[in-house]
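Read the structure below first, then the notes.
The values are calculated or read from the model by the stated rules, or taken from the named source; none is laboratory data. Here the structure is a predicted model, which is why all the values come from computation and not from measurement. No Cβ is skipped: glycine too gets one built from the backbone with ideal geometry, and neighbour counts run over all protein chains shown. Note: accessible area is taken over every heavy atom of the protein model, side chains too, but ligands, DNA and RNA are not part of it. Shrake-Rupley method; radii C 1.70, N 1.55, O 1.52, S 1.80 Å.
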Amino acid sequence: MTIKDYQKQVDKWARQFNPPYWPVYEQLAHLTEELGELAREINHEFGVKKKKAGERENTIGAELADMLFTICCIANNLEIDLDEEFRKHMTEKEYGRDANRFKQT
Ligand SMILES: [Mg+2]
């Protein structure tokens, strides 16, 4: 699946609601919540702060998926083609601007 496929899947799901998308500031707040949940999972897995007894099982992967879903919602709401934006990112930044920035193997 491409990112465009993810965006289409999210849009099909969202269009069952009226309105299909939250206002972008609320979407941003939700993305920030999901980032916090990702940080919590990483902290539990790699840090000294372990989960409390009875705390909900979750994974880093699940939180990344939550963030990807929310990013698709924001992009759809603003009619942004993430495939195109990601292609530009890789071409212009990773393979362009930063091509020699990091030590290579
Ligand atoms: Mg989450």
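In table form, for the structure just shown:
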{"quantity": "Residue list for the stretch 21-76, filter: in a loop (DSSP other than H, G, I, E, B), open to solvent by less than 80 Å² (accessible area, probe 1.4 Å) and in contact (Cβ under 8 Å) with a residue 12 or more places away in the chain", "calculated": "TYR21, ASN58, THR59"}
{"quantity": "Residue list for the stretch 54-103, filter: more than 14 Å from GLN9 (Cα to Cα) and in contact with a Cys (Cβ under 9 Å, 6 or more places away or on another chain)", "calculated": "none"}
{"quantity": "Top-ranked residue of the stretch 12-45 - restricted to ones that are over 12 Å from ILE71 (Cα atoms) and polar (S, T, N, Q), ranked as farthest from the ligand (Cβ to nearest atom)", "calculated": "ASN18"}
